[in-house]
Structure formats: C-alpha cells, structure tokens
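I have placed the structure first, in the form of structure tokens, so that the comments after it can refer back to it.
The values are calculated or read from the model by the stated rules, or taken from the named source; none is laboratory data. From a predicted model like this one, the values you see are computed outputs, not experimental measurements. Cβ sites come from the backbone with ideal geometry, for glycine too, and all protein chains shown count toward neighbours. These area figures cover heavy atoms from the full protein model, side chains too; ligands, DNA and RNA do not enter into them. Shrake-Rupley method; radii C 1.70, N 1.55, O 1.52, S 1.80 Å.
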Amino acid sequence: MIDMQPKKMIILDILDILRKHTDENHRLSQKQIQTLMEKEYGMKVDRKTVRRNISKLIEFGFPIKYRGMDFECDAITRNSKNGEETILTDWYYVHEFMNGELRLLIDSVLLTDGLSKKDRLSLIHRLEGLSSKHFRSEISKIDMDIYGKVKNQAIIMTLEDIGSAIADGRQIAFHYCDCGLDGELHEKLDSSGNIKQYTVNPYQVISQNGHSYLLCNLPQYDDLTHFRVDRIKECQVLDTPSKSLRMLKGFETGIKLSEYIKAHPNLWSGEPIHITFRCKQYMMNDIADSFGIDIQIEKLPDDMMKVYVQASESSMLHWAIQFADAIEVLSPQSLREQIADTLRNALKKYDS
C-alpha cells in the first residue's frame, strides 16, 4: 500500500501525473486523474479538488490544456441551473519538445561516436523524460549497441572543458592519440620520445560523419585545424587568453560553419580554392551531401555535368579518389597531377 502523502502535495502529484501520462494525443478526464492519484500516490481526491488544483497550475503558468481551450467548437457543454456551462475534461500537458524533435535528438546521441553505452543510455533516458510515458514505448526497440567498446571514457568532461574554454576565451592544452595496432588509443610522442602536449585556441565543436571535432588554431600558425574530440586526453583549460578567430588569415569577418564544412569535406584542412570537375548527373546526391546545393552546375551532353566548387586541395584530393571511377577533376592542374600520381601509385600495388 502506498503511504498517504500530505494534502499540500496534491498539486505536485497532479502535475506529475499530467506530465507523465498525457500529451496532445493522450488526454485524461478528471475521473481518470482521480484514479491515478489513488493508484500512484494513495491519495483520494474529489473532482472539485482536481479541477481547483489544475486551475492553479494554469494560473501559475504551467502549459496545461483541456478540450475546447483552443477551439470553442470542440468544447463539451451542458445546461445547469446557472445556464450553459463548459465541462472541463481531456486534460493534457503541453511538453516543451514534440516527439519527433526528441527522436531527432536521440538519433543524434546514438550516431555520435565516442560515448560509452552507459553515457548513451543516461542521455537517452533524460531525453525520454521530456515527454510522456507513451513516447518511451515508441523508442523501446532502439538498438543501443551501435558502437563497440569506447576507448576514451572522459569525452563528456573533455567537451565540458572545451565549452568552458570557448565561453571564457581561454586556450586549452591536451594530449592527442592515435589508434594503435592493438586497438587502443596511444598518446602521440614528440621528437624526444615524451608525450606531446598540444596547446590550441579553441573556437567550435562540430560534427561530421558521426564524430565530434574541435575546430581550433595552433598558436604558431594563422589557419584552422581540427582534432577529433574522442582522441583528446588530459584536456585542461589554461589561463592564457585565446587568439581571436578574426585574427586568422581568411577569417577577418568571422566564419560560417556551413560554408566551412562544405569547403572541407571529411574535414581535411587547407585553404579553399576554385575547383572544377566533370561527372555523370547521377552523382548529384553525393555532391549535395559533400558540398551542399548552393553550387554552380553546368549541364553537358550524354547526362554529364560540370560542377564548380570551393574546397581545399587536400580534401578534394581524397574526395575525388573516393569517386575516381565517376568523376574527373578538370582544374586546377596541380590537383589533377596529385590525383594522377596517387592513382598510379595505387595501381602499382595491384598490378604487381
């Protein structure tokens, strides 16, 4: 038997019931709220008590609605000794996020590499709590084992340190890792064989291909570079002020992340240049995924097209090789030569 709660808790219990059991598609009558109050809190209340407390919650600004509140034609009315009155029923809580929005956030958590299963489940559970119990049943069959064992358990704290440094305009220092042949992360070493310490000016964390990257600047250079967050260890916020992004070459007016990512497919660094390539028109989906749709395209005969983009040479080199059987880079000549050399060297390995 559930212990009786003090009467002053009634208003909080009713609020909890509405949050947990209702949404726009799942509503409760006053009688159903009474039943749940007794079942979950051992509290017997009459209809007037339920109505009075819900009215107070609405008065206090809680997003609670009932049938006919938005559209009077939906209201249920009856005749009483005081004339026609509206029956207040079909109560529901208006949650801050729609279920589709929560599902989008949960999918983002699932598709973000570097999180342990424990952290992933904890985040998803808290996101579930932002809707009614009916939402939990919708996602109960999601496979949480998308990724294997996580090598860096400190990624959440690393993200907190990075966020704090960016907000306060401070540099950060860290060790950076490569994946070894044993499948473990190994910290990079300097020329003396000691663990190498990286110091950077941090600007933004971005997501690409399921990984989180720190967009930053090495103080000795005037361009941007990237580090995968799940390969950062021993991150610490320094007292040294970070260099303003606008002091870097080419970023005097700031940065538009969407354009930056399009100019650096797969986040290979380098300064964007004008690049022209030719390919079949069926390649449009892949081109849009990598460079967006705000690009210049010229239709050619035989279902061909010529595409003009702004991208770094290093990123375009790897992108073009990925689709080597479908595209031909036309300019610049230096990039054509790099692609040709790379393909010739690759061919030697298979021709021998």
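Grab the helices (runs of 4 or more DSSP H) fully contained in region 21-125, keeping just those with 2 or more residues being modelled with pLDDT under 90 and over 18 Å from the mean Cα position of the chain (by Cα).
none
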- When (1) of a type in the set (S, T, N, Q); (2) closer than 26 Å to SER116 by Cα; (3) part of a strand (DSSP E or B) are applied to ASN266, the one that fails is (3)
- Task: Report, ordered by the first and then the second residue, all pairs with beta carbons closer than 6 Å, sequence separation of six or more or different chains, a first member in region 285-297 that is within 12 Å of VAL307 (Cβ to Cβ), and a second member that is of a type outside the set (Asp, Glu).
- Result: SER290/PRO265; PHE291/LYS262; PHE291/VAL309; GLY292/LYS262; ILE295/VAL309; GLN296/TYR308; ILE297/MET305; ILE297/VAL307
- Among (1) over 26 Å from TYR203 (Cα atoms); (2) out of contact with any helix residue (DSSP H, G or I) (no Cβ under 6 Å at 6 or more places or on another chain); (3) open to solvent by less than 40 Å² (accessible area, probe 1.4 Å), where does ASP351 come up short? (3)
- Note on the structure: Flagged pairs (Cβ under 9 angstrom, 6 or more apart or on separate chains; first in region 92-119, in contact (Cβ under 8 Å) with a residue 60 or more places away in the chain and at positive phi; second open to solvent by 50 Å² or more (accessible area, probe 1.4 Å) and not acidic (Asp, Glu)) are GLY114/TYR147; GLY114/LYS151; GLY114/ARG231
- Task: Might you let me know whether region 136-155 holds any residue that is surrounded by fewer than 16 Cβ atoms within 10 Å (Cβ to Cβ), modelled with pLDDT of 75 or more and under 18 Å from the mean Cα position of the chain (by Cα)?
- Result: no
- Task: Test each condition in (1) crowded, with 17+ Cβ neighbours inside 10 Å; (2) more than 23 Å from VAL109 (Cα to Cα); (3) polar (S, T, N, Q) for GLN197 and report the one that comes out false.
- Result: (1)
- Message: If I ask for residues that are without any contact (Cβ under 8 Å) to a residue 24 or more places away in the chain, more than 10 Å from TYR93 (Cα to Cα) and buried (at least 19 other Cβ atoms within 10 Å of the Cβ), which ones from region 5-33 would you list?
- Response: none
- Task: Could you tell me whether ALA346 is open to solvent by less than 100 Å² (accessible area, probe 1.4 Å), among the aliphatic types (A, V, I, L, M) and assigned to a loop (DSSP other than H, G, I, E, B)?
- Result: no
